[in-house]
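The values are calculated or read from the model by the stated rules, or taken from the named source; none is laboratory data. All of these numbers come straight from a predicted model, not from anything done at the bench. When we count neighbours, we look across all protein chains shown, and the Cβ atoms used for this are built from the backbone with ideal geometry, even at glycine. We work out accessible area using only protein heavy atoms, side chains counted, and drop any ligands, DNA or RNA first. Shrake-Rupley method; radii C 1.70, N 1.55, O 1.52, S 1.80 Å.
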Amino acid sequence: MEVTETKDERLKVWTMGDVLASVKYPLWTAWRFVVNFPLAVRNTRIILAIFARTVLVGSRAVRVLRAKKHQSWSPRTRGRYVWTVAKHFWARWVLARVEARMEVVGVDRVDWSKPHVVVSNHQSTLDIFPLIAYIPDGRFVAKKELLAFPVIGRACREGAQIIIDRQNHEQAMRAIRDGMRAWPSCNLIFFAEGTRTRDGRLKPFKKGAFAIAREMKLPIVPVAITGTYAALPKGSLLRLRRCPRFRVEFGDEIPSSGEVADLTERTREIILAMIERRDERAAAAA
């Protein structure tokens, strides 16, 4: 689903808040070199390596997708191609590059031969990598701002990912419905909080994922990701910890019958319980 900008959006006048935001990150980056120079240098090398890998893998995938247009690849074929490339040549590579120590629990609880709505918490930018690495096949419901990112935006657009405008509920739901009609057998992945947490705590869930699950009669798979916030909080690329520990726990499938509000709260409670169990074990081991 393509999202286009209006003329007014392209001609947006910067406010004082925009100006401050534009200088905040360069100043913050310089400060990280003052606070911990060796770690900042290490992380700069890692970030540049990930950027280069993203450009290399993403550009090749986009070229293949564009070359195959005349063969009328279906959304399913395009989506599965992008997911396979991302899994084997990007996500797993990134996890290895940041030296992540992975613990994956419950992935065998899920019958991956059928489609699901996968609902995850969102602690960090790093969350996308274990989801791609360990879910056999899927597609993200991504915000339209992602299209502005070089290479990744083009890969999402060409690779049948579902792009939504978070400020336009009607467009978002229509894009998801259209995407599921075009590729009904996929696993649809949502970060139900809508954005990354700023303090590590689980935010309230938005209801869109659960409305779609109920409408499409798809079971819900709750996923709890922990350790990524401690490794890389929002807005802090140069604070990436050495050898972080990540845990990804897949819960039992939840039938999508019942009211949307009840499904939303039940799924959130299950994910919160998985997060708290992990925190309790970590505290006991400390």
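Only a single item in (1) of a type outside the set (D, E, K, R); (2) under 27 Å from Thr84 (Cβ atoms); (3) part of a helix (DSSP H, G or I); (4) modelled with pLDDT of 95 or more is not met by Ile212, and it is number (4).
Residues are listed down the side, and each one gets a yes or a no for (1) basic (Lys, Arg); (2) out of contact with any Pro (no Cβ under 7 Å at 6 or more places or on another chain):
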residue	(1), (2)
Ile152	no, yes
Arg157	yes, yes
Ala160	no, no
Asp165	no, yes
Phe190	no, yes
Gly194	no, yes
Asp199	no, yes
Glu215	no, yes
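Could you tell me which residue of segment 235-286 is farthest from Ala49 (Cα to Cα), considering only residues that are open to solvent by 80 Å² or more (accessible area, probe 1.4 Å), modelled with pLDDT of 95 or more and part of a helix (DSSP H, G or I)? Across segment 235-286, the extreme among qualifying residues is Asp262. Residues considered: Phe205, Phe210. Of these, the only one that is open to solvent by 20 Å² or more (accessible area, probe 1.4 Å) and aromatic (Phe, Trp, Tyr) is Phe205.
Taken together, the residues in segment 178-202 that are buried (at least 20 other Cβ atoms within 10 Å of the Cβ), in a loop (DSSP other than H, G, I, E, B) and of a type in the set (Val, Ile, Thr) amount to 0. Are there any pairs with C-beta distances below 7 angstrom linking a residue in segment 37-51 that is without any contact (Cβ under 8 Å) to a residue 60 or more places away in the chain to a residue that is not hydrophobic (A, V, I, L, M, F, W, C), with the two at least 6 apart or on different chains, and if so which? Hits for this filter: Ala49/Arg97; Ile50/Arg97. Scanning segment 216-230 for residues that are open to solvent by less than 10 Å² (accessible area, probe 1.4 Å) and more than 16 Å from the chain's Cα centre (by Cα) gives a single hit, Ile220. Contact map, segment 214-235: residues that are touching a residue at least 60 places away in the same chain (Cβ under 8 Å) paired with residues that are among the aromatic types (Phe, Trp, Tyr) and part of a loop (DSSP other than H, G, I, E, B), Cβ distance under 9 Å, separation 6+ or inter-chain. No pairs are found.
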